[in-house]
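Colleague: I'd like to ask some things about the structure below.
The values are calculated or read from the model by the stated rules, or taken from the named source; none is laboratory data. Just so it is clear, the model here is predicted, and its values are computed rather than measured. Neighbour counts run over all protein chains shown; Cβ positions are idealised from the backbone, glycine included. Just the protein is used for accessible areas: all its heavy atoms, side chains included, with ligands, DNA and RNA removed. Shrake-Rupley method; radii C 1.70, N 1.55, O 1.52, S 1.80 Å.
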Amino acid sequence: MNVLVINSGSSSLKFQLVHVETGGIITKGICDSVGSDTSFIKYGMYEDEQVVKVDLPDHVAAVQKVLELLTSGDKPVISSLGEINAVGHRIVHGGNYFDKSVIIDEDVVAKIEELAELAPLHNRAAVQGIRACQSYMPDVPQVAVFDTAFFQTMPPKAYMYPLPYELCEKYGIRKYGAHGTSHRYIAHRAANMLDEPLDELKLITCHLGNGCSMTAIDHGIAVDTTMGFTPLDGLMMGTRSGSIDPAIVPFLMEHEGLNTDEVNDLLNKQSGILGISGISNDLRTVTEAADKGDPRAAMAFEMYSHSVKKTIGSFITVMAGVDAIVLTAGVGENSRKMRSMIFAGLQQMGIRLDERKNKLRGFERIISADNSDVAIIVIPTDEEFMIARDTFVLVRDMKRAAENQE
Ligand code: AMP
């Protein structure tokens, strides 16, 4: 089954055409700067990668152009749209409606639209992508895979905020989590690498990139996570503050004369590693500066590692133990120095990093010492694979059910 995976960001649209049975990626690409006059599409595999400058006023136009590129040119990727058997969409917010991936129908679209209040740019873009696919491929089944669904298993003690209950109810204020597809993927891969069933493991999964989140997964079930009502909560990130004393917000608004948009911008775009270092949100640049003796860069690095370390401790107590800690995304996969700092001093807790293995680069790898009670694993995330897989399973089961009824 060929599944077209569509990941609509606020101003981008990533796509991947996957042959699910073999796991092979047929092609992939990104529509960048959608909605601006500098939009372009980068697509193709390896040496065949191409960049085309195209006008993409919105996500409908982006889908239309992607479908055109797949089926046209000197070397079309597919001979016709008939070779796309299903479409899987990444949806950022599924609210309390969705605890798993679903086949898209009008009711699902209406709920995604309704939830746009919680993720305005992303959910609206996703609906545009769905509508465009419906109009160009009306008979092709589409599936919605939600970033939040994985966290719907959390108990109220983990997802509620201690605010007036009525207000939480009225506005749906609770922890929804984010990066769910990534956490779910690396949890499955970690269980596979450890050769243990996922439902017999206690895992802490760490998605450490520009956005950062951690999840406690107890016997296959998410029991706590760091991102909250929005993806601003939790760990310190590239440009986001993560959790801070909430009283700082009205204090800054009053003393700096900031309105809500300005304070949102400050917390989401001017804080985190960028805010502290004053140099960059990119940890590579900040690491270099810290190595050269820049004190604020060093502080940003230490604060980042401290916020991960502290959360490991709190999730171990939440689950009364941990079998493996799994790291992914830009920082988790690539920063040897950050991993060293996160796991430094945890030997007494049975968590021992092997510095020799920590230097290894490449694909999935276990980097804990042989005598570590807790495995430390690095796994490159693959959200697109997970979306393709969910889409495949749902569409296959739907077709089987239809056949059985005939
Ligand atoms: P992501 O959001 O997963 O794409 O991660 C992006 C972030 O990963 C970048 O902003 C960098 O801070 C970080 N990153 C990528 N490669 C490295 C590296 N070799 N060392 C340190 N940080 C890295």
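Colleague: Among the candidates ILE26, ILE78, ILE84, ILE30, which residue alone is open to solvent by 10 Å² or more (accessible area, probe 1.4 Å) and either in contact with a Cys (Cβ under 9 Å, 6 or more places away or on another chain) or under 23 Å from MET398 (Cβ atoms) (or both)?
Modeller: ILE26
Colleague: Sticking with this structure for a sec: The conditions are (1) on the phi < 0 side of the Ramachandran plot; (2) open to solvent by less than 20 Å² (accessible area, probe 1.4 Å); (3) within 16 Å of the ligand (Cβ to nearest atom), and GLY272 fails exactly one of them. Which is it?
Modeller: (1)
Colleague: Also, quick follow-up: Just to be sure I understand the filter: pairs with C-beta atoms under 7 Å, separated by 6 or more residues or on different chains, first member in segment 203-215 and closer than 17 Å to ASN334 by Cβ, second member part of a strand (DSSP E or B) and among the basic types (Lys, Arg). Which pairs pass?
Modeller: If the second residue must be part of a strand (DSSP E or B) and among the basic types (Lys, Arg), no pairs are left.
Colleague: Counting only residues that are of a type in the set (Gly, Ala, Ser) and surrounded by fewer than 16 Cβ atoms within 10 Å (Cβ to Cβ), which one in segment 45-75 is nearest to GLY129 (Cα to Cα)?
Modeller: Per the criteria, the residue is SER72.
Colleague: On the given criteria, is THR287 near the ligand (Cβ under 10 Å from one of its atoms) and either in a helix (DSSP H, G or I) or out of contact with any Phe, Trp or Tyr (no Cβ under 7 Å at 6 or more places or on another chain) (or both)?
Modeller: yes
Colleague: Determine whether SER340 is open to solvent by less than 20 Å² (accessible area, probe 1.4 Å) and out of contact with any Phe, Trp or Tyr (no Cβ under 7 Å at 6 or more places or on another chain).
Modeller: Numbers: open to solvent by less than 20 Å² (accessible area, probe 1.4 Å): no; out of contact with any Phe, Trp or Tyr (no Cβ under 7 Å at 6 or more places or on another chain): yes.
In short, no.
Colleague: Report, by residue number, each residue of segment 210-234 that is under 13 Å from SER182 (Cα atoms) and either modelled with pLDDT under 95 or within 15 Å of the ligand (Cβ to nearest atom) (or both).
Modeller: Once the filter is applied, which keeps residues that are under 13 Å from SER182 (Cα atoms) and either modelled with pLDDT under 95 or within 15 Å of the ligand (Cβ to nearest atom) (or both), segment 210-234 yields GLY211, CYS212, SER213, MET214.
Colleague: Might you let me know whether segment 236-256 holds any residue that is in contact with a strand residue (DSSP E or B) (Cβ under 9 Å, 6 or more places away or on another chain), modelled with pLDDT of 95 or more and of a type in the set (A, V, I, L, M, F, W, C)?
Modeller: yes
Colleague: Considering only residues that are among the basic types (Lys, Arg), open to solvent by 30 Å² or more (accessible area, probe 1.4 Å) and under 21 Å from the mean Cα position of the chain (by Cα), which ones fall in segment 154-202?
Modeller: Across segment 154-202, the qualifying residues are ARG184, ARG189, LYS202.
Colleague: Working only within segment 228-240, note down all residues that are over 17 Å from LEU118 (Cβ atoms) and surrounded by fewer than 21 Cβ atoms within 10 Å (Cβ to Cβ).
Modeller: THR239, the sole residue that qualifies.
Colleague: Looking at GLY362 and the list (1) modelled with pLDDT of 95 or more; (2) among the small types (Gly, Ala, Ser); (3) open to solvent by 30 Å² or more (accessible area, probe 1.4 Å), which single condition is not satisfied?
Modeller: The failed condition is (1).
Colleague: Name the residue that is surrounded by the most Cβ atoms within 10 Å (Cβ to Cβ), counting only residues in segment 121-134 that are free of Cβ contacts under 8 Å to residues at least 40 places away in the same chain and more than 15 Å from THR148 (Cα to Cα).
Modeller: Filtering segment 121-134 for residues that are free of Cβ contacts under 8 Å to residues at least 40 places away in the same chain and more than 15 Å from THR148 (Cα to Cα), the one surrounded by the most Cβ atoms within 10 Å (Cβ to Cβ) comes out as VAL127.
Colleague: Of these, ASP282, ASP245, ASP261, which one is surrounded by fewer than 17 Cβ atoms within 10 Å (Cβ to Cβ), within 12 Å of the ligand (Cβ to nearest atom) and of a type in the set (D, E, K, R)? First the steps, then the outcome.
Modeller: Details: ASP245 fails: within 12 Å of the ligand (Cβ to nearest atom); ASP261 fails: within 12 Å of the ligand (Cβ to nearest atom).
Every option except ASP282 fails the conditions.
Colleague: Within segment 349-365, can one find any residue that is within 15 Å of the ligand (Cβ to nearest atom) and at positive phi?
Modeller: So far as segment 349-365 goes, yes, one or more of its residues are within 15 Å of the ligand (Cβ to nearest atom) and at positive phi.
Colleague: Please find, among ALA320, ALA298, the residue that is away from the ligand (no atom under 12 Å from the Cβ) and in contact with a helix residue (DSSP H, G or I) (Cβ under 6 Å, 6 or more places away or on another chain).
Modeller: ALA298
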